[in-house]
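Chemist: Pasting a structure below so you can have a look.
The values are calculated or read from the model by the stated rules, or taken from the named source; none is laboratory data. Please read these numbers as outputs of a predicted model, since none were measured by experiment. Cβ placement follows ideal geometry from the backbone for every residue including glycine, while neighbour counts extend to all protein chains displayed. For accessibility, only protein heavy atoms count, side chains too; no ligands or nucleic acids. Shrake-Rupley method; radii C 1.70, N 1.55, O 1.52, S 1.80 Å.
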Amino acid sequence: AALGGSPDGSLIAALGTEGSAWVVEASSGRRIHAFQAHEGGGFRLVWNPTASCFATAGQDGQVRFWDPVAGTQVESLLMPSAWVEQLAGSPSGDRLAAASGKTVCIGRASGSSGAGGAAGTGWAHTLGGHRSTVAALAWSADGRSLGVACYGGVSVYDSETGRVTAELPWKTSLVSLAISPDGRWVVAGTQENSVQIWPLPFREGEELAMSGYDAKVRSLAWHHSGRYLATDGGQELMVWDCSGKGPAGSTPRILEGHPARASSLAYQKTGHLLASGCQAGRVLFWNAGKSSQPLRATALAGAVTALGWLPGDTQVVAGCQDGR
């Protein structure tokens, strides 16, 4: 379901759809811990980028915080309802947002005092009244804003006050969400196999739609500069240039090389490389700002379901449908 690396890149944590969690040594692949994180199933996993602690969310209505060295839970936070399907940590590591049903909770992230220390202080804000089940969450680079996507559009909140700062309307369901690192754009994949983009600050009529996809766009990846937006939505990847006045009227760079539908995308935190995985188990690496040809290919045994760069930007970790 989800995976990620510790701040120093030494440990990898993975969460399976059945709710089990693993902690693995990155250098050797040796499994250090395996435990049941959530009864019924798991959905999301987030490492705190400034502390040795990670959080998971699942079907039991809990956000749980874990000490990766001891392999033990240090705290849990209860959500208003079961099925905590969304979990997202701010880039600075000081805030965490979770969604269950139509409700979003924002709180201080755990682990500021280190592993085994206080794991959290509860939820600071509970945001309700959304039109439907929350489909995606996205933080701004500075952690001040949180985007919440559901049927009918995106609401942007001030994470300090819990107040709405922008309403970005769209007529149907949204399935993915991302805010550009420079704060200029909010983008979402839609139910109609397209990408919707809103400039910030938003004025009605300035929204854009980018279509031509074969399937729903569930993976959105921003280059750290905010210039390039990579999207899935079929076998081909599309990379849009969002510099200047944005992608309106432009043609994206098409990346071909996956033998099956792409399923995961991730840009390096500070470099230029894009990693992509597909349902046939192929992982490709690209410098999409310069070329449409992959730089390297790796074949895995199972469909890629999660993908991410470890801290340091020199290694990629992939999770597969067969549990590896």
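Chemist: What is the pair-distance distribution P(r) of segment 206-324, computed from all Cα-Cα distances in 5 Å bins starting at 0, with each bin given as a whole percent?
Modeler: 2, 12, 23, 25, 20, 11, 5, 2, 0
Chemist: Computed over the Cα atoms of segment 1-68, what is the convex hull's projected area averaged over all directions, in nm²?
Modeler: Hull-based average projected area comes out at 3.8 nm².
Chemist: OK, next. Quick check for you: with a 1.4 Å probe and neighbouring chains kept, what is the accessible area per residue of the chain, in Å²?
Modeler: Result: 42 Å² of accessible area for each residue.
Chemist: Now for a separate question. Among G257, L200, Q279, whose Cα lies farthest out toward the positive end of the dipole of the chain, if unit charges sit on the beta carbon of Lys, Arg (+1) and Asp, Glu (-1)?
Modeler: Among G257, L200, Q279, the one farthest towards the positive end of the dipole of the chain is G257.
Chemist: Roll a 1.4 angstrom probe over the protein heavy atoms and tell me the percent of accessible area of segment 1-92 that is carbon or sulfur.
Modeler: Roughly 51 percent of what the probe reaches on segment 1-92 is carbon or sulfur.
Chemist: Also, I was wondering about something else. Taking the Cα centre of segment 1-72 as origin, work out the dipole magnitude from +1 charges on Lys and Arg Cβ and -1 charges on Asp and Glu Cβ, in debye rounded to 20.
Modeler: On the way: 4 positive and 6 negative charges, 19 e Å.
Using only the charged Cβ atoms, the result is roughly 80 debye.
Chemist: With +1 on each Lys and Arg Cβ and -1 on each Asp and Glu Cβ, how big is the dipole of the chain about its Cα centre, in debye rounded to the nearest 20?
Modeler: Working: 24 positive and 25 negative charges, 63 e Å.
The calculated dipole for the chain is roughly 300 debye.
Chemist: Follow-up question, since we're still on this one. Quote to one decimal, in nm, the extra length available between Q315 and K290 on full extension: 0.36 nm per residue of separation minus the C-alpha distance between them.
Modeler: Once the chain is fully extended between Q315 and K290, it gains 6.9 nm.
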